[in-house]
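Below is one structure, written out as structure tokens; comments come after it.
What follows draws every value from the coordinates through simple rules; no lab data is involved. These numbers were taken from a predicted model, which means no experiment stands behind them. Virtual Cβ from ideal backbone geometry, glycine too; neighbours counted across all protein chains shown.
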Amino acid sequence: MAELTIYQKPTCSTCKEVSQILKDANVDVEAVDYFTDPIPKAKLKELIRKIGLPVEELIRKKDQLYEDLRLGEKKLAEGQWLDLLAIYPDLLQRPIVEKGERAIVARPARKIKEFLASFAPEALPPSLPTV
């Protein structure tokens with residue numbers, strides 16, 4: 001079983017950077033391209049709980065789709081945001097990295113080093129100093 005899971009868009013530059021950091025750290029990773037393998041709503045809800053932020057904080061507010069749908073003008077409940085994320089995965093901040101009962105949005109990419117270090121700082125290779 002993988003040490004952690006990364007939910008990503010493989011063409012995203014930050015996702016690529018985080019994936020490379022994880023590879024360099026020899027971390028066993030399960031990569032999920034949530035554009036081809038959508039995250040079920042129940043799993044999204046679980047990830048939101050693990051991240052510890054309201055769903056609105058995980059929305060890409062600078063995305064053109066956010067503007068096109070005029071989401072800044074609407075007050076949506078968590079269930080409505082989850083419905084939108086299921087239809088429009090581009091609205092979800094990425095990458096999301098999950099390990100056990102914790103998850104983070106690894107944006108900027110250096111956040112992944114802090115996340116890894118919080119589990120076992122001594123396990124980080126010397127080439128990956130904590131930030």
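Listed values, structure above:
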{"read-out": "Count - residues of region 1-28 that are within 16 Å of Glu101 (Cα to Cα), surrounded by 15 or more Cβ atoms within 10 Å (Cβ to Cβ) and not charged (D, E, K, R)", "value": "4"}
{"read-out": "In region 1-29, residue nearest to Asp90 (Cα to Cα) [restricted to those that are assigned to a helix (DSSP H, G or I) and touching a strand residue (DSSP E or B) at 6+ places or on another chain (Cβ under 7 Å)]", "value": "Cys15"}
{"read-out": "Matching residues, region 13-45, being under 21 Å from Leu116 (Cβ atoms) and charged (D, E, K, R)", "value": "Lys16, Glu17, Lys23, Asp24, Asp28, Glu30"}
{"read-out": "Members of region 54-110 found to be among the small types (Gly, Ala, Ser), over 18 Å from Val32 (Cβ atoms) and assigned to a loop (DSSP other than H, G, I, E, B), listed by number", "value": "Ala77"}
{"read-out": "Subset tally (residues that are touching a helix residue (DSSP H, G or I) at 6+ places or on another chain (Cβ under 8 Å), of a type outside the set (Val, Ile, Thr) and under 12 Å from Thr5 (Cβ atoms)) for region 20-48", "value": "3"}
